[in-house]
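Rule-based calculations on the coordinates, nothing more; no lab input. From a predicted model like this one, the values you see are computed outputs, not experimental measurements. In this analysis, Cβ positions are derived from the backbone assuming ideal geometry, glycine residues included, and neighbour counts consider all displayed protein chains.
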Amino acid sequence: MWFLTELAERRIAQALDNGELDNLPGAGQPLPGEDFDPMVPEHQRMAWRVLKNSGYLPPELEMHKEAVDLALRLATADTEIDTDQLMRLEQLNVLLAQTGHRGLCVPDEYLAKISERLARRHP
C-alpha cells in the first residue's frame, strides 16, 4: 500500500507545481459542516456519514429517522394532533424495541405539548 500512497503524493505534488490546484471553487473557505440528526450519538456519526454517502441506511436507522420526524411534527404542529401519526410513532418504537434498539425518547417538553393537545382534542 505504501506504493499507492507514494504515487498519490507525487501526483498531488506535480499538480501543485503545475498550478492545477490554484483557484479551485471554495479555495480558502472552511469545509462545509455536516448536518447530522441531533439524535445520532457523536460516536456513531462516522458510521452514519459512511452509510449516508453510500445511499444506504439500515432499516432501524430509517425507522429512527421517521420516528424523529413524526415526533417533531407532532410537537410543533399548529393544527390538532393526527392520531394516525401518533399511532405510527408508537408502532415505530415497538419495532425498534424488537430489533434490539432503543425507541425514540421524546424530551419531556414535547411529551407535555403532545399530552396537552390530546387533552384538548378529547376532553
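Which FRET efficiency value, to the nearest 0.05, do you get for R73 and V40 by plugging their Cβ-Cβ distance into 1/(1 + (r/R0)^6) with R0 = 22 Å?
It comes out at approximately 0.70.
Using the beta-carbon distance between Q29 and T83 and R0 = 35 Å, what value does 1/(1 + (r/R0)^6) give for FRET efficiency, to the nearest 0.05? List each step's numbers first, then the result.
Values: r = 47 Å, r/R0 = 1.35.
According to the calculation, E is roughly 0.15.
Compare the peptides 50-56, 61-67 by average per-residue count of other Cβ atoms within 10 angstrom and give them in order, highest first.
Those peptides, ordered most packed to least, come out 61-67, 50-56.
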